[in-house]
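These notes concern the structure reproduced below.
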Amino acid sequence: MAFYAALHYVEAFFDTKTKHSADHRTRDNNMVQHNETMAVYDQFCELKNISTRARYYGRCPSAADLTTQVLPALNDVKTEMLKHC
């Protein structure tokens, strides 16, 4: 769920640029075109990778992973995107 929350923060930023990403590949391409989204690209990709592992491979993050990886990455994306929305 954290990944999709981050995705919506990024899409809210893109809305200020009158852009929309129809799929994940387009979103990744859009993200590398803006300094604002590049600032959190690594964190966004980390959330996407964690989400993919959980959904397709059943490898859910541990409580420690949530505290040390997931929530900080989501907070970084949220904070950065809200600066520009």
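A short reminder: the numbers here are calculations on the coordinates, not readings from a lab. It should be emphasised that the depicted structure is a prediction, and the values quoted were computed from it without experimental measurement. For neighbour counting, all protein chains shown are included, and Cβ atoms are generated from backbone atoms with ideal geometry for every residue, glycine included.
Does Ala22 satisfy the condition of being within 16 Å of Leu74 (Cβ to Cβ) and either of a type outside the set (Val, Ile, Thr) or touching a residue at least 60 places away in the same chain (Cβ under 8 Å) (or both)? Even if it seems obvious, please write down each step before you answer.
Values: within 16 Å of Leu74 (Cβ to Cβ): no; either of a type outside the set (Val, Ile, Thr) or touching a residue at least 60 places away in the same chain (Cβ under 8 Å) (or both): yes.
No; evaluated as a whole, the condition is false for this residue.
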For the stretch 52-67, indicate whether the set of residues that are in a helix (DSSP H, G or I), in contact with a Leu (Cβ under 9 Å, 6 or more places away or on another chain) and surrounded by 11 or more Cβ atoms within 10 Å (Cβ to Cβ) is non-empty.
-> no
Of (1) in contact with a Phe, Trp or Tyr (Cβ under 9 Å, 6 or more places away or on another chain); (2) assigned to a helix (DSSP H, G or I), Cys85 satisfies every one except (2)
Ala6 versus (1) of a type outside the set (D, E, K, R); (2) loosely packed, with under 15 Cβ neighbours inside 10 Å; (3) touching a residue at least 12 places away in the same chain (Cβ under 8 Å): which is the lone unmet condition?
-> (2)
Being aliphatic (A, V, I, L, M) and part of a loop (DSSP other than H, G, I, E, B), is that true of even one residue in the stretch 2-20?
-> no
